[in-house]
Amino acid sequence: MATTASHCPYCALQCAMSLQTGADLPEQQVDHRPPVGIGSRDFPTNRGGLCKKGWTSAELINSAGRVTTPLRRVGSEFVPVGWEQALDDIADRLRSIGERHGKDAVGVFGGGGLTNEKAYQLGKFARIALGTSMIDYNGRFCMSSAAAAGNRAFGIDRGMPFPVSDLDGAQTILLVGSNVAATMPPFIGHLEGTRERNGLIVVDPRRSETARLTDDGGGLHLQPVPGTDLVLLLGITHIVLNEKLYDEHYVQTRTVGWEGVRRSVAQWWPQRVQEVTGAPTGQLREVAHRLAGGRGTYILTGRGIEQHVDGTDTVTAAINLSLLLGLCGRPGSGYGTLTGQGNGQGGREHGQKADQLPGYRKITDPQARAQVAAVWGVDPDRLPGPGVPATELLGRLGEQIKALLVHGSNVVISAPDAGAVARRLAQLDLLVVCDFFCSETAAHADYVLPVTQWAEEEGTMTNLEGRVLRRRRAIEPPQGVRSELWIMAELAQRLAAPGVWDTEAAAVFDELARASAGGIADYSGLSHELLDTEVEAYWPYPSGSAGTPRLFAERFAHPDGRAVMVPVRSRRHAPRPVATDELTLVTGRLLEHYQSGAQTRRVEELRSARPQADLQIDPATAQRLGIAEGDPGAISNLRGEVFARAELSTGIRIDTVFLPFHFGGRQTANALTEAVVDPISAMPEFKRTQVSVRRADPVEVQG
Amino acid sequence: MRVVLVGYGPVGARFVEEVLPAVETGRIDLTVVGAEPEQAYNRVLVSEFAANKVDRRALDIIDAEAVAATGVRVLTGTAVTAIDRTARRLTLGDGQSLGYDRLVLATGARAHVPALAGLSQVEASTDPAVPADDRQVRGLPAGIVGLRDLADAEVVARAVSDRRRILVLGGGVLGTEAALAMADQGAEVVLIHSGPVPMARNLDHGGGQALARAARRAGVIMLGDFRATGVICEPVPGEGARFGALLGEDGERIPGDLLVLSAGVRARVGLAAAAGLPTAAGILVDPSLRSWADRSIFAIGDCAHVATGRVGAGAESVPGGPRGLIGPGWRQAEFVAAQLVAEAGRAGGPVLPETEERPPVVMLKADGVDVLAAGRVMADPWDSGSHALGCSGGVEVSQWVDPARGAYVKLVTVDDVLEGFVCVGMPRVGAELTVLYNGQAELPTDRSVLLRLDAPALTTGGAVDRFAPEAVVCWCNGVVVKSIMDGVAAGDDSVECVGRRTRAGTGCGGCRGRIAELIGRQATVG
């Protein structure tokens, strides 16, 4: 039996795993078993453990639904087609659409699950092979608010500016809007010490699996009204200031702008915060005092507070609080955001974002353009300007945008107002989806191009701590399956694109490293060869350095070295009378599924544990609506209607219901969410949607 | 467009903030005139400042430098003495004059000075720099203050730190808050109110009882059913008369070092009234906050009395009055700012706010004494009639009384939506009721569900059975007690065996101890 050291294909924790192959692999005795086994591998983030998604991930490799040959739509059917023919036709159609409607008529939609090499190459492909500015990715739905807030506060966006194992010694951890127990379970190993010290504080409108970790004296759970996190954080900041719990010396020497923050929170005295959030003043005070307790405090944010139209400001409030307490850059304390997707961190650094070039540089910066253009071998003037963010890009489909290439994303499930997205996809002249399964989005495609899975490819991923990791090939992909690097190279050649289009990940990485040199996310000192020594590669890792496990010890990444505290205001706190039959819908995740579920719904053990979307609802609310446990429920608003089985739970507020967003068809939670976005980050509102709920007729559910 | 704001309290400050963008682009030329020598500060926290619980900086509410840099002229320590509505000019205390196109009055309210023997002879201040509305308060003898502004607060703060005996006259929200804050800082405080319970305007009898008991427990000396009739002031060499004691109708004499008047407030309407604007409990404005008599003048906050204007109606008979709360005042400031910004940009104005705002939630600001109330609370559980017959649409009253633990809750609903509530001593319940009341959400049929929010089982998990069959042991792999026990019964005798069969313990590893515990338990049982 041979083993290959790699990492899990799913979330940003990127747990280490060992891929076992060989004739003596016990499981291969049964025909349908995967050609690779998953073994434990020790690593600081997961310490040998995996969650059930990781343990079962090998089943994806020879899953029955795997696409193993290019598919072309003929009428309402897909027919297999050869690679040459598919690529020739796609290139022809892309060229003619560009000629007829302008280059921006071709859009590219990437994903936070792509390796650094693919994400980099995709950005380059859009800019110089297609010549389009219209590229963005699903990280817009994931990390954009935290990224925007981090950039303006620290001048850099590395989700956790410290190794995750630093959390082990913390006295107090405030987890705002993150359900790690379901989304990246092995992470909770790093909360154990804090729980033993009774110091875990979880803010979530649901009594989530993570909130329940505060039981038995483990800490404290605050259950605010959905969408009031900003006010909650302003209120805690108010107490920290008024009760003089802040670090005056740190604030004076390491930050700018705190006077403005002080004035901006003056109006959020505890009673007023209680009125808006429903969190009692006593709890607010307790949180403030615990955070200021001084023996190692971390504040961590997640999608719960970020996926809102005021997500950037909410994260900013969390950062301001961290800065006032003097946490950032101090050993044993800090602020971080928990990146979601597998390569959500690296995916946002190397050019998939509408306004960015590799190395986390602005596409509007002439110096960055010149440098990257030189690496790519083109004239800087050939590079397009900034495009538009994901939700707006999807809103242009069928209008300004006539063709779309989708990589590592399932927008029909994951984008807001998903019904409208599906309708717009149908109006495209050309939709090409690269995937290993015929996802709900691929089902709309003109071409589905089958690509390699993690165990079949080489590359790098950057985990939630900003550590660059190697993904390694353990087995050969099925015949007929290609890597996206190869697909881009082939298309680039057919489009007569300038530049070099390597198909080996190591070579693409070397190019990425050069293109990132001197940027914020500088990878220039790294290579596959170096990473293969298992070096601890935290970026920035400029050539000649040994990387940066911990940021901000001396200075922040702004020119004056100081962190910027930006005063933020809540603009939607006024009590709003709602129709009495309306409830607030919060969407989120389950332990068993990852993202749109395109992969995990195909794993028997995961599917049978969570085969459908259940509607979490308080028993008293359900009783009022005439809904009993297990009844079919219809959840609706102006945009759509979703059917889900009622799961009664006192772990949710009586004015709130919860749906997981991992499911498709009539269970697509995002059919209800609205395509409104944060003005700074363009993050959509996923966690505060008004809906009506009723008991559905079983016939409707089947329909 | 020249806009002048008179009054620079928290409502005025909010107005300034909202119009700043239009000032920046030059569409609005803004002048602010404030009578106090300070930049705007957060009056809501004045009683906490008075009790030395927060410092002066905590009261700052506006970025004065940013406001000035934008080009707003701020005249502090300046009174407006007259409005010439025809010429659209103001006369200032220093004799200067100031023209306007639109005038916004945010003059607020002053402490009401009750009719007490010994105070009626006090001469009003004659200082022209003091607005007419404030001359009576400013002329009070030493040792008697209202508690409205920083000058008052500083007097009270000194008395608190000098451990003086302080009498608070008036058991409303502000008086009760001030007394509790001072007691919390170690002062000897007597709270004197005329009815049987404090906060009688907001609370029913049960709620008032619960509050009185909580206040006593917090160290406040509660003196109810006391009708104050006069004050005794003693001459002090060098500083004139100084407060010595409060007198009751039966001749009782309550000695004290400081008397804090908290017997209500009166809108500052003097300036408006002198200019011929109609006033009642405040400056009369229509729902768009424009004066009944002059379309170029607005009033917001504590000085504004919103009512639909009727020609010929006697101003004295207009029902309602200023709310006296900051939330509605801020919403008015935002609304008028939006109107003026739109007018200056020749755009359409904002949509009129709901005229029928619900009575706001009143919340006592005090550590450890949780009191919340809103709306109709006087109904009796047994009087309300229709619910007993099971008819829909009736008033329903539910009540929970637990004096030993200081808890009291009353819910008054119509069609299952809260019309009013009182909540004492149950912080989480009170916070939740506030949200439900403001959102007009339908309550669960079983109201007692709401009462359990403060239960220890929900907050600490103390009552959760860790060995219940469905209790989760391994979060990473979603494994419950039952799955593990099934395996153990079938012979899994180590954590590793359990892990191989169920995956429990193969994630973060945090549950391995508990798995061992479960195996041991089975061994004991078996």
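Computed from the coordinates by the stated procedures, all read-outs in this text should not be read as laboratory data. Keep in mind that this is a model prediction, so the values were computed, not measured. Cβ coordinates were reconstructed from backbone atoms using ideal geometry, including for glycine residues, and neighbour counts include every protein chain displayed.
Antiparallel DSSP bridges in chain A: what percent, to the nearest 5?
Expressed as a percentage, antiparallel bridges in chain A total about 50.
Using θ = phi - 60° and the Karplus curve 6.51 cos²θ - 1.76 cosθ + 1.60, what whole-Hz ³J(HN,Hα) does each residue of the range B:211-222 get, with Gly and Pro shown as x?
Per-residue couplings from phi come out as 5, 4, 5, 5, 5, 4, 4, 7, x, 8, 7, 9 Hz.
Using 27 Å as the Cα-Cα cut-off, could you pick out the over-long pairs in A:K118/A:K402; A:K53/A:K118; A:K53/A:K362; A:K118/A:K362; A:K687/B:K365; A:K362/A:K687?
Over 27 Å Cα-Cα: A:K53/A:K362; A:K687/B:K365; A:K362/A:K687.
Hey, got the Cα dimensions of chain A along the principal axes, in Å, largest first?
If we take the Cα atoms of chain A, the spans are 69, 66, 57 Å.
Rounded to whole Hz and in sequence order, give me ³J(HN,Hα) for the range A:455-468 from the Karplus expression 6.51 cos²θ - 1.76 cosθ + 1.60, θ = phi - 60°, writing x for Gly and Pro.
Once rounded to whole Hz, the list reads 6, 10, 9, 9, x, 9, 10, 10, 7, 5, 9, x, 9, 8.
As a check on your grasp of the helix formula, calculate [θ] at 222 nm for chain B: sum -39500 (n - 2.57) over DSSP H runs of n ≥ 4, divide by the residue count, round to the nearest 500.
Helices in chain B give a 222 nm mean residue ellipticity of -8000 deg cm²/dmol.
For the range B:60-77, take each phi angle, set θ = phi - 60°, evaluate the Karplus expression 6.51 cos²θ - 1.76 cosθ + 1.60, and give the result in whole Hz per residue in order, putting x for glycine and proline.
Result, rounded to whole Hz: 4, 9, 9, 7, 4, 5, 5, 5, 5, 4, 6, x, 7, 8, 10, 10, 8, x.
When a/c reaches 1.5 or more, the comparison of a/b and b/c decides; with that in mind, is the range A:639-703 rounded, prolate or oblate per its Cα gyration tensor?
It is oblate, given that a/c is not under 1.5 and a/b is not larger than b/c.
Calculate, for B:A468 and B:R2, the FRET efficiency according to 1/(1 + (r/R0)^6) with r their C-beta to C-beta distance and R0 60 Å; round to the nearest 0.05.
Here the calculated transfer efficiency is 0.25.
If R0 is 45 Å, what FRET efficiency do you get for B:R253 and B:D380 from their C-beta distance, rounded to 0.05?
With R0 = 45 Å, the Cβ-Cβ based efficiency is 0.70.
Quick one: check the C-alpha center-to-center distance for the range B:396-429 versus the range B:200-231, whole angstrom.
One Cα centre to the other: 19 Å.
Expressed as an acute angle from 0 to 90° and rounded to the nearest 10, what is the orientation of the C-alpha long axis of helix B:326-344 relative to the principal long axis of chain B?
60
Report, to the nearest 10°, how far helix B:150-161 tilts away from the longest principal axis of the Cα atoms in chain B, using its own Cα long axis and a range of 0 to 90°.
60
Would you kindly state the longest site-free stretch of chain B, with sites defined as trypsin sites (Lys or Arg not before Pro) in a DSSP loop (not H, G, I, E, B) surrounded by at most 14 other Cβ atoms within 10 Å?
Formally, the longest exposed-site-free interval is B:1-162.
Using 0.36 nm per residue, how much length does the chain from A:R694 to A:R571 gain when fully extended, once their Cα-Cα distance is taken away?
Full-extension gain reported as 41.2 nm.
Between 0 and 90 degrees, rounded to the nearest ten: what's the tilt of helix B:173-184 against the longest Cα principal axis of chain B?
Long axis of B:173-184 versus the principal axis of chain B: about 70 degrees.
What does the C-alpha gyration tensor say about the overall shape of the range A:582-702? Classify as rounded when a/c is under 1.5, otherwise prolate if a/b is larger than b/c, or oblate.
Oblate is the answer for the range A:582-702, as a/c is 1.5 or above yet b/c matches or exceeds a/b.
Do you know the relative contact order of chain A, to the nearest whole percent, from alpha carbon pairs under 8 angstrom that are 6+ apart?
With pairs under 8 Å counted, the relative contact order is 19 percent.
Quick one: work out the % antiparallel among DSSP beta bridges in chain B, nearest 5.
60
Evaluate the distance, in nm, between pseudo-label points positioned 7 Å from the Cα of A:E286 and of B:A293 along their respective Cα→Cβ axes.
5.6
Need the C-alpha centroid separation for the range A:580-608 versus the range A:288-355, integer Å.
Computed from Cα coordinates, the inter-centre distance equals 25 Å.
Between B:V351 and B:R500, what length in nm is gained on full extension when 0.36 nm per residue of separation is reduced by their alpha carbon distance?
Additional length available on full extension: 47.2 nm.
In nm, give the distance between the simple-model label positions of A:D560 and B:S317, each being 7 Å from the Cα along the Cα-to-Cβ direction.
6.4
Please work out whether the range A:457-500 counts as rounded, prolate or oblate from its C-alpha gyration tensor, where a ≥ b ≥ c are the square roots of the eigenvalues and a/c under 1.5 means rounded, while otherwise a/b larger than b/c means prolate and anything else oblate?
The shape class here is oblate.
5 Å is the cut-off here: which amide hydrogens, built 1.01 Å from N in the peptide plane, fall below it relative to A:S570, excluding neighbours closer than 5 in sequence?
none
With each pseudo-label sitting 7 Å past Cα toward Cβ, what's the A:R382-A:E604 distance in nm, one decimal?
5.2
Once the Cβ-Cβ distance between A:A546 and A:A2 is put in as r, and R0 is 41 Å, what FRET efficiency do you end up with, to the nearest 0.05?
The value I calculate is 0.85.
Only bridges whose two residues both fall in the protein assembly as shown count here: according to DSSP, what percent of them are antiparallel, nearest 5?
Restricted to the protein assembly as shown, the bridges split so that about 55 percent are antiparallel.
Could you work out the helix-only [θ] at 222 nm for chain A, with each DSSP H run of four or more residues adding -39,500 (n - 2.57) and the total divided by the number of residues, to the nearest 500 deg cm²/dmol?
Counting only the DSSP helices, I get -7500 deg cm²/dmol.
Positive end of the dipole of the range B:111-264, charges at C-beta (+1 Lys, Arg; -1 Asp, Glu), about the Cα centre: which of B:V130, B:M182, B:F243 has its Cα farthest in that direction?
B:M182
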